[in-house]
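Step one of this worksheet: look at the structure below.
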Amino acid sequence: MAANNRQVILAEKPQGKLTLANFQFAETEMPVPAEGEVLVKALYVSLDAANRAWMQGVTYRSALETGAVMAGGSLAEVVESRAEHLAPGDLVFAETGWQAYAAVPGKHLAKLPRVEPLTHLLSVYGVTGLTAYFGLLNVGQPKPGETVVVSAAAGAVGSLVGQIARIKGCRVIGIAGGAAKCGWIKDELGFDEAVDYKAGDVRRQLRGLCPNGVDVYFDNVGGDVFEAALFNMANHGRIVCCGAVSQYDDVPPAHGPRGVPGLIVTKRLRVEGFVVMDFYAGRDAALAELRGWVEAGKLKVQEDVIDGLENLPAALIGLLAGENRGKRMVRVG
Ligand code: NAP
């Protein structure tokens with residue numbers, strides 16, 4: 001008999017905060033790839049704040065269903081291929097879900113280069129890096145000398161946004177939870193200033209740090225922090241709506257922002273959401289530039305790797321609680 005496949009199932013959708021009880025574990029038979037599919041082995045499962053948002057309903061993808069394998073993407077290795085362009089041993093980024101093996105359509109999979117370390121394919125050279133790059137540069141369009149503020153600044157996307165803004169000659173202020181994270185983004189990542197949103201009035205702190213206003217606010221969190229930034233925007237500022245992690249684990253969302261749309265009008269702001277896939281036509285050029293910055297030591301990549309498929313639920317709960325610095329992922333294979 002074939003070896004078993006280990007899976008994490010979404011047993012019940014959370015009514016409030018996500019807990020371990022929302023998940024259960026299963027063992028099933030190994031999947032068998034159909035024509036055009038590949039059997040892949042998950043090496044590292046990507047942990048994304050959006051994993052929790054998908055449980056709330058339709059987003060840019062269909063809503064998750066209870067009883068199904070928890071959705072998520074992985075850096076995976078092809079084990080068996082029934083797709084012409086892929087062979088065993090190839091690396092791909094695939095929608096495997098939270099399981100050790102998956103049979104997935106080969107059509108949209110591209111062979112990835114074997115970089116060192118491999119984990120960079122999920123962080124700076126994956127969705128995370130491209131989200132930071134396109135969101136800041138294509139949507140935010142910062143100019144040298146401008147003030148850029150980013151929230152969830154010690155997280156996967158935010159830590160890269162702030163550093164890219166610095167590379168582009170901007171003054172950068174990060175908003176993060178706790179003194180340790182705030183110290184880290186200043187001392188290690190080179191942010192100019194940091195605001196601890198857990199330690200007081202963000203709106204007032206931003207006003208003190210940005211007397212001429214914020215030119216670009218890269219919003220990863222929504223809610224009260226969004227509101228604090230909104231009140232501090234400079235005229236003709238740009239707000240990049242990347243995500244709203246403060247709202248994902250809180251049903252229904254409990255907080256702001258107030259000031260919408262009045263301030264957007266009077267300050268002539270541009271508020272624009274985006275999904276990283278919108279910009280994939282420019283992916284190769286973006287990856288080349290990201291790689292140049294990493295190799296030149298201008299862009300530091302922080303990863304937070306946890307071992308074991310059985311730790312996926314706790315790893316997501318911890319991400320939403322702010323345990324992570326940089327890109328969190330779980331090593332499976
Ligand atoms: P992450 O930033 O690595 O982790 C989430 C962080 O959010 C936590 O570490 C925590 O840090 C912070 N946080 C949690 N609750 C918060 C709250 N109530 N208020 C303020 N901060 C809070 O996660 P990520 O995967 O990189 O995602 C960052 C954002 O990018 C998310 O909103 C995600 O949905 C979005 N995203 C968007 C796209 C796109 O295409 N638009 C693509 C990828 C990701 P603290 O300790 O600082 O609280």
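Sticking with the crude label model, points 7 Å out along Cα→Cβ, report the distance from Val265 to Asp278 in nm, one decimal please.
Once both label points are built, they end up 2.4 nm from each other.
What whole-number distance in Å separates the alpha-carbon centres of the range 213-287 and the range 149-168?
14
For the range 128-277, which whole percent of the accessible surface, found with a 1.4 angstrom probe, sits on carbon and sulfur atoms? Walk me through the numbers before you get to the answer.
On the way: 3020 of 5810 Å².
Carbon with sulfur: 52 percent of the solvent-accessible area.
Work out the charge dipole of the chain with +1 on the Cβ of Lys and Arg and -1 on the Cβ of Asp and Glu about the Cα centre, then indicate which of Gly326, Pro31, Met55 is farthest towards its positive end.
Gly326
For Ala11 and Leu118, FRET efficiency with R0 = 25 Å and r from the beta-carbon atoms, rounded to 0.05? The partial results should precede the final answer.
Working: r = 31 Å, r/R0 = 1.24.
Given R0 = 25 Å and the Cβ-Cβ separation, E is 0.20.
Evaluate E = 1/(1 + (r/R0)^6) for Lys143 and Arg331, where r is the Cβ-Cβ distance and R0 equals 35 Å; express this FRET efficiency to the nearest 0.05.
Details: r = 40 Å, r/R0 = 1.15.
The value I calculate is 0.30.
Determine, for each peptide in 15-21, 52-58, the mean count of other beta carbons within 10 angstrom over its residues, then list the peptides with the highest first. Show your work: numbers first, answer last.
Values: 15-21: 11.6, 52-58: 16.7.
Descending packing order for the listed peptides: 52-58, 15-21.
Using only DSSP helix segments of four residues or longer, with each worth -39500 (n - 2.57), what per-residue ellipticity at 222 nm results for the chain after dividing by its residue count and rounding to 500?
On the way: 10 runs with 81 residues, N = 333.
Counting only the DSSP helices, I get -6500 deg cm²/dmol.
Quick one: compute a quarter of the convex hull surface over the Cα atoms of the range 128-277 and quote it in nm². Numbers along the way, then the final one.
Details: hull surface 32.6 nm².
For the range 128-277, the mean projected area of the Cα convex hull comes to 8.2 nm².
The values are calculated or read from the model by the stated rules, or taken from the named source; none is laboratory data. Note that the structure is a prediction, hence the values are computed from the model and not measured. Note: ideal-geometry Cβ built from the backbone for every residue, glycine included; neighbour counts use all protein chains shown. Ligands, DNA and RNA are excluded from the accessible area calculation, which covers all protein heavy atoms including side chains. Shrake-Rupley method; radii C 1.70, N 1.55, O 1.52, S 1.80 Å.
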